[in-house]
Amino acid sequence: MGLTGIQILKLLPKKNCKECGDPTCLAFAMKLAQGKAELAKCPYVSEEAKAELAEASAPPIRGVVLGTGDNQLKIGEELVLFRHDKTFVNAPAIAVLFKDSETDAAIDAKLKNFNDISFERVGYLLKAHLAAVKNDSGDAGKFTALVEKVKNATKKPIMIMSDNLDALAKGAALLKGLKAVVYCATEANLDKVVAIAKDNECSLVLKASIEKAEALTAKIVGAGVKDIILDTEARSAKAMFQDNVFIRRAALKQKNRNLGYPTIVFPCEMTTDPIKETVLAALAIAKYAGIIVISDAKPEILLPLGIQRLNIYTDPQRPMVVEQGIYPINNPDENSQVIVTTNFALTYFIVAAVVEASRVPTWLVIMDVEGMSVLTAWSAGKFVADAIAPFIKKSGISDKVKHREVIIPGYVAQISGELQEELGDEWQVVIGTREAADIPAFLKGRQGK
Ligand code: SF4
């Protein structure tokens, strides 16, 4: 991370042969420094230089992959201290704690919440991501039975937690190949837990103070495990905040590789009050945690945390968009009404939701205006008559309906005349509502016309 073009140039072959597609090695090096080229394009880079560049260009905070398949997620790889500097990259995993001291009924209820509770917001699913299975009873048999039960009940990633190394090894073996997390290595058991993680292809949580973690992470990496997550033993809001900020600053500003790892925090161990737990988890989302362990994925906890996570980890420089295209809502047919609007995700999801609620079969034709809302796109000259008309004609909506009526948002009523001209006599432009909330009544009023 942070190598300049000149530093990269020193590692290139300097043949200026142009085979990478750039006129000189310097031009290629400058592109590499900006992340606009791939090293593989130069066929002459030595293995040593490749290794050195890979190491030097690694993110200051290591990315750790949790789980496999559709539920896999990555934490870490953050590049900035503040979201307004650029963007945060990988949102933290919300983990739910399952203790083998809990009753079967309690575990079943929590598993149901863990798997089933989710909320859709602008195309994103807000949900819990990781099951943390803890050997709270001290009984190895109970622990492995719970690991097995959770493994069979979910496809989401799993973290196993035990002080009993035999139990930990058995649990890890049950999850081999699933990119599970092993909790935890300490100064006292380091070699054994590293071996468990290595044998079972797991990432590993190191539980140690920041001062000790610096030396211990180097030891763990030396032993062959690179996917490390840090638990600094902070169990208060102040300590959690301070440690997370210290680690992020050390990794980004002091380039301290030994602290360049995502962190895990435990709001579930800091309070028994669910409201305080939610506030602590929200603080952890805002300030740099990689995994946040809560006691249950209840809707009233998951919704605010999910929205906070979504808001903070949405790239402020990239508008949220949906793909341009024709979206059928409520099983439309050739007689159904046609609404055209922009591909700003919020616009799409609001309009789609109210149309769906109206139960009126409708074709929603979404135009790519680089993710702008209707009025912004209009004022930017992107959602205007001479852009909308060719889009409608080419969109394919003519093949789906036998009528030629298109409803435009009420906010751009002023373009209706010009759009009518651009579309020609075959089409009829209808001015829709200004507010999405009025769409159902509007559509119902037009049904059968
Ligand atoms: S292919 Fe490699 S050696 Fe040739 S110009 Fe590009 S960077 Fe230089």
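The values are calculated or read from the model by the stated rules, or taken from the named source; none is laboratory data. Values in this document were obtained by computation on a predicted structure and should not be read as measured data. Cβ: placed from backbone, ideal geometry, glycine included. Neighbour counts: every protein chain shown.
Considering each residue of the range 230-238 in turn, none proves to be crowded, with 23+ Cβ neighbours inside 10 Å, within 21 Å of Leu79 (Cβ to Cβ) and among the polar types (S, T, N, Q). Give me the residue from the range 205-254 that is among the small types (Gly, Ala, Ser) and assigned to a helix (DSSP H, G or I) and, out of that set, nearest to Ile61 (Cα to Cα). Restricting to residues being among the small types (Gly, Ala, Ser) and assigned to a helix (DSSP H, G or I), the top hit is Ala251.
Scanning the range 249-294 for residues that are farther than 23 Å from Ile160 by Cα and under 20 Å from the mean Cα position of the chain (by Cα) returns Ala282, Leu283, Ala286, Lys287.
Residues that are within 20 Å of Lys99 (Cβ to Cβ), surrounded by 15 or more Cβ atoms within 10 Å (Cβ to Cβ) and assigned by TED's automatic domain parsing to the domain that holds Lys99: does the range 203-220 have at least one? Scanning the range 203-220, I find at least one residue that is within 20 Å of Lys99 (Cβ to Cβ), surrounded by 15 or more Cβ atoms within 10 Å (Cβ to Cβ) and assigned by TED's automatic domain parsing to the domain that holds Lys99, so the answer is yes.
Scanning the range 34-60 for residues that are assigned to a helix (DSSP H, G or I) and either at pLDDT 90 or above or within 11 Å of the ligand (Cβ to nearest atom) (or both) returns Leu39, Ala40, Lys41, Ala49. In this structure, does Trp427 turn out to be assigned by TED's automatic domain parsing to the domain that holds Thr347 and either β-branched (Val, Ile, Thr) or under 16 Å from Tyr327 (Cβ atoms) (or both)? Judged against the criteria, Trp427 is not a match. Of the residues making up the range 258-277, those that are out of contact with any Ser or Thr (no Cβ under 6 Å at 6 or more places or on another chain), farther than 10 Å from Asp231 by Cα and free of Cβ contacts under 8 Å to residues at least 40 places away in the same chain number 9. If you go through the range 316-325 one residue at a time, how many are part of a strand (DSSP E or B) and either of a type in the set (D, E, K, R) or buried (at least 17 other Cβ atoms within 10 Å of the Cβ) (or both)? Total meeting the criteria: 1. Counted as qualifying within the range 355-442 are no strands (runs of 3 or more DSSP E), as none has 1 or more residues that are aliphatic (A, V, I, L, M) and loosely packed, with under 14 Cβ neighbours inside 10 Å. Can you name the residue in the range 4-33 that is among the β-branched types (Val, Ile, Thr) and within 10 Å of the ligand (Cβ to nearest atom) and, of all such residues, is modelled with the lowest pLDDT? In this case the residue turns out to be Ile8.
When the range 173-192 is filtered for residues that are assigned to a loop (DSSP other than H, G, I, E, B) and under 25 Å from the mean Cα position of the chain (by Cα), the ones remaining, listed by number, are Leu175, Lys176, Gly177, Leu178, Lys179, Ala180. Going residue by residue through the range 151-160, is there one that turns out to be of a type in the set (S, T, N, Q) and either closer than 30 Å to Leu346 by Cα or in contact with a Lys or Arg (Cβ under 8 Å, 6 or more places away or on another chain) (or both)? Looking for residues that are of a type in the set (S, T, N, Q) and either closer than 30 Å to Leu346 by Cα or in contact with a Lys or Arg (Cβ under 8 Å, 6 or more places away or on another chain) (or both), one finds none in the range 151-160, hence no. Residue count for the range 272-315, restricted to those that are more than 21 Å from Gly63 (Cβ to Cβ) and outside any helix (DSSP H, G or I): 7.
Against the conditions (1) more than 30 Å from Ile275 (Cβ to Cβ); (2) buried (at least 19 other Cβ atoms within 10 Å of the Cβ); (3) not assigned by TED's automatic domain parsing to the domain that holds Leu423, Ile339 satisfies every one except (3).
Applying the condition of being surrounded by 14 or more Cβ atoms within 10 Å (Cβ to Cβ) and either in a loop (DSSP other than H, G, I, E, B) or among the aromatic types (Phe, Trp, Tyr) (or both) to the range 17-33 and asking which residue is farthest from the chain's Cα centre (by Cα) yields Thr24.
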